[in-house]
Amino acid sequence: MDLIASSDALQAVCSRLARQPFVTVDTEFMRETTYYARLCLIQLASEEEAVLVDPMAPGLDLKPFFDLMADANVVKVFHSARQDLEIVWQMGGVIPTPLFDTQVAAMVCGYGDSVSYEQLSNDLAKARIDKSSRFTDWSRRPLSEAQLSYALSDVTHLVVIYKTLLERLTENGRLSWLDEEMSVLLSPDTYKADPDNAWRRLAGRLRKPKEIAVLMEVAAWREREAQNRDVPRGRVLKDDAVIDLAISAPRTPEALGRLRSIPSGFERSRTAGDILAAVERGLNRDPATVPAMERSRSRGSVGAVVELLKVLLKAVAEQEGVAPKIIATVDDLEAIADDDEADVPVLHGWRRELFGGPALALKHGRLAIAMENGRVVLEPRR
């Protein structure tokens, strides 16, 4: 099993694939010791051929691959595409389009919220995948035959999976249900790691404006530092240390050194000065620039409504053969419980027809949930 390692060979195969209606795509990468993923292998397949590309080969120009990813005449098929698309965007500045994500499509076809490629291969392609090579070091050369065989199976079975899911979605008229999910994956904003937004994933239960202000500055500093050094965030500063800094807001090296999450002696390093400067910026931040953190809506009677909506969501999802997550999230349910006019996806388009409308009816007593022969049934009320 040969790897494509020359620009001419890559150009030839991409030219052939560009004449196909679709191409299945996967990548193998490493990011345990880096901030940005290190692309180690590219897998491509059509109904006529399957190939492996070595992006680490000296002198290999990946432009033909990026051109193929941008070719509007070829559907690019991925399974759980987000990380693969992030790599293509960061390295080539393009987002593969048109796009079909088989994990999202499977959710609309009644599979779970995060159905695996292995399950779809087994169910739809009648193939079993040897997963022993999944967590091997893809950056080491030469790659073993087992690694190459595993990598190739990630795109060959995907051909059958794609065709089967596409046929089902076309037959039941639900192909357009994928549009919103695809639009998120196709947006460059999805892959931009903006340091100024890094605090959001850590905010948790922090509510005090001062804590949020310090968190915003420290998290942004850590994100920039990780990007500049190309190391994982945790190599710069652990998450629990960022939270401790936001809560305690130390202003001196001595106060910094007293935090349990800060390594001994760290307070005397150059980095400690950068952290203290970030804390100071947070303390001096204009309160008007600090977002107010919303408290959970699931309290009192609203919380009871949310629990009822969860039951309704599960019943509707089972009845329609759709994964609940593709219809609504818990945040959506809380928004509906709190506000009939909430601007959430579930109150628009096919989701409103399928669930949003019944959810509002349930909230206002126009729909009842009952049990009949061991099944949840919905009963309209006047």
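Taking residues in the range 310-321 that are closer than 15 Å to residue 356 by Cβ and in contact (Cβ under 8 Å) with a residue 60 or more places away in the chain, and partners anywhere that are small (Gly, Ala, Ser) and part of a helix (DSSP H, G or I), the pairs with Cβ atoms closer than 7 Å and at least 6 places apart or on different chains are 312/359.
Say we look at the range 331-382 and pick out the residues that are outside any helix (DSSP H, G or I) and of a type in the set (Lys, Arg); which of these is surrounded by the most Cβ atoms within 10 Å (Cβ to Cβ)? Spell out the reasoning first.
First pass over the range 331-382, keeping only residues outside any helix (DSSP H, G or I): 339-344, 348, 364-382.
Now narrow it down to the ones that are of a type in the set (Lys, Arg): 366, 375, 381-382.
Details: 366: 13, 375: 10, 381: 10, 382: 4.
It comes out as 366.
When you go through 102, 34, 97 one by one, which is the residue that is closer than 26 Å to residue 190 by Cα and open to solvent by 50 Å² or more (accessible area, probe 1.4 Å)? Every option except 97 fails the conditions. For residues that are exposed (fewer than 14 other Cβ atoms within 10 Å of the Cβ) and among the charged types (D, E, K, R), scanning just the range 284-309, find the one that is modelled with the lowest pLDDT. Here the residue is 299. Among residues of the range 143-154 that are over 14 Å from residue 79 (Cβ atoms), those with a Cβ under 7 angstrom from a residue that is small (Gly, Ala, Ser) and not in a helix (DSSP H, G or I), sequence gap 6+ or separate chain, pair up as 152/50. The set of residues in the range 96-123 that are outside any loop (DSSP other than H, G, I, E, B), touching a Lys or Arg at 6+ places or on another chain (Cβ under 9 Å) and of a type outside the set (Phe, Trp, Tyr) comprises 99, 101, 105, 107, 108, 118, 121, 122.
Does residue 152 qualify as being assigned to a loop (DSSP other than H, G, I, E, B), modelled with pLDDT of 95 or more and either of a type in the set (A, V, I, L, M) or not assigned by the TED database to the domain that holds residue 88 (or both)? Write out each step before concluding.
On the way: assigned to a loop (DSSP other than H, G, I, E, B): no; modelled with pLDDT of 95 or more: yes; either of a type in the set (A, V, I, L, M) or not assigned by the TED database to the domain that holds residue 88 (or both): yes.
No, not satisfied.
The values are calculated or read from the model by the stated rules, or taken from the named source; none is laboratory data. Treat the numbers as computed from the prediction; the structure is a model and nothing was measured. Backbone-built Cβ (ideal geometry, glycine too); neighbour counts: all protein chains shown. When the accessible area is computed, the model is the full protein with side chains, heavy atoms only, and any ligands, DNA or RNA have been set aside. Shrake-Rupley method; radii C 1.70, N 1.55, O 1.52, S 1.80 Å.
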